[in-house]
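Single-structure report; data block below.
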């Protein structure tokens, strides 16, 4: 990566870490382990260490768990040793990269967290059009490194999300309608299996495992240490934002749903519907093209909302990396970015669904009613337009099944006071249930412990094939958590 491009504040997880080998003393009731059993290697953080509380923290402040140990792996061998150490002791394992699991599933009480966030390398082969990326790299690290050689990878907009979790669950972003999901650009993985073996999965070697890594969810089949991706040339893009008064929500929604899923595939449009108290709704998006072309392409959106006058509208053309910063909340000047190694904690409840058909008046009214009753102004529903390159892939070509969806929905609530939590969680759950007649499925990267029939919701008809792959690669469920795929 270009030196000095991103200023990073020190990672709290590094404080108190000891680069050493640990056998760790036995817990009550734990059987003795042979002295030849593997020891933990890498940067190990234990309860009582100065950096332990930082190391066990996840991005969603709702969840606080206390692992027996956290190992920050420096290479694949550290991962091998960690898996063997845990299985020898019967300790539960959690794989972790960016700490963004909505339900905090990447940490566990009294188990071992295997953290790959120190595996951050990005190696680009411009001639071959590929990049080999460490499983711990966050998206802003990836985007910046690729930008230095004029290429990119279609991925998400949150700068501190880890590339591992994003890819393994699918990976949607502002380039996806043009270039596909992140997992559609995945060529190979290096993975440590439940038995502690380092394997490669690509189109020729272990192709079923590669298929499972293309949307089958993180933490199911092994722990990935590196990804090989196809890259794409990139230069300037154009971005836009249009806002309307909240009172025009239903008219704006009608116009957006008629336009966004069927627009030029170089254009991605996101509709943000906040709580009524916020005062306005907005549409934002990005085009792989110039501003003049974007202005022409979004004209139908303006034409369809006649009678609903925008309160503001803007179009800008800029280098792609600047747009990444703008959508990621970093600002438009990469030289001024200051990125914490992980996003600051927040308290929230998010969940998801997919729309496979246009909403009628009843569905739109249900959404509007839910937003009118939101308990705080920090509640919203976000809709990401699908179609384009996402929809050209067959639903069973990768593990990600939601190819025919017109758009995804994400129901979100954020709060700062503990007293608001119960009401916000109930609001998200209530709106999700109210919308069930009009939607189906859900996105594993927006995992929600309340989703009924979750295996079918997240994986659809691909669930049975994923269960068979799980039975081959992890029949004893070494990698098991509340939403892990059960073996067939």
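Observations on the model:
- Applying the condition of being in a loop (DSSP other than H, G, I, E, B) and out of contact with any helix residue (DSSP H, G or I) (no Cβ under 6 Å at 6 or more places or on another chain) to the stretch 68-90 and asking which residue is surrounded by the fewest Cβ atoms within 10 Å (Cβ to Cβ) yields 90.
Quick grid of which residues meet (1) surrounded by fewer than 19 Cβ atoms within 10 Å (Cβ to Cβ); (2) in contact with a helix residue (DSSP H, G or I) (Cβ under 9 Å, 6 or more places away or on another chain); (3) more than 26 Å from residue 398 (Cβ to Cβ); (4) modelled with pLDDT of 95 or more:
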residue: 220; (1), (2), (3), (4): no, yes, no, yes
residue: 236; (1), (2), (3), (4): yes, yes, yes, yes
residue: 263; (1), (2), (3), (4): no, yes, no, yes
residue: 267; (1), (2), (3), (4): no, yes, no, yes
residue: 274; (1), (2), (3), (4): no, yes, yes, yes
residue: 277; (1), (2), (3), (4): yes, yes, yes, no
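- Residue 463 vs. criteria free of Cβ contacts under 8 Å to residues at least 40 places away in the same chain, out of contact with any strand residue (DSSP E or B) (no Cβ under 6 Å at 6 or more places or on another chain) and crowded, with 19+ Cβ neighbours inside 10 Å: yes
- Residues of the stretch 102-132 that are under 16 Å from residue 150 (Cα atoms) and in contact with a helix residue (DSSP H, G or I) (Cβ under 7 Å, 6 or more places away or on another chain): 122, 124, 131.
- Check on residue 50, assigned to a loop (DSSP other than H, G, I, E, B), crowded, with 19+ Cβ neighbours inside 10 Å and either modelled with pLDDT of 55 or more or at negative phi (or both): no
- Residues of the stretch 373-387 satisfying the condition of being under 15 Å from residue 429 (Cβ atoms) and within 20 Å of the chain's Cα centre (by Cα): 379, 381
- Residue in the stretch 306-322 that is surrounded by 19 or more Cβ atoms within 10 Å (Cβ to Cβ), in contact (Cβ under 8 Å) with a residue 12 or more places away in the chain and within 23 Å of residue 410 (Cβ to Cβ) present: no
- Of the candidates 443, 414, the single residue that is under 22 Å from residue 217 (Cα atoms), in contact (Cβ under 8 Å) with a residue 12 or more places away in the chain and within 19 Å of the chain's Cα centre (by Cα) is 443.
- Residue pairs meeting the criteria (Cβ under 8 Å; at least 6 apart or on separate chains; first outside the structural domain of residue 84 (by TED's automatic domain parsing), in the stretch 37-54; second surrounded by 22 or more Cβ atoms within 10 Å (Cβ to Cβ) and assigned to a loop (DSSP other than H, G, I, E, B)): none
- Of the numbered criteria (1) within 29 Å of residue 168 (Cβ to Cβ); (2) in contact with a helix residue (DSSP H, G or I) (Cβ under 7 Å, 6 or more places away or on another chain); (3) not in a helix (DSSP H, G or I), the one residue 322 fails is (3).
The values are calculated or read from the model by the stated rules, or taken from the named source; none is laboratory data. Not measured: the values here are computed from a predicted model. Methodologically, a virtual Cβ is constructed for each residue, glycine included, from the backbone with ideal geometry; neighbour enumeration extends over all protein chains shown.
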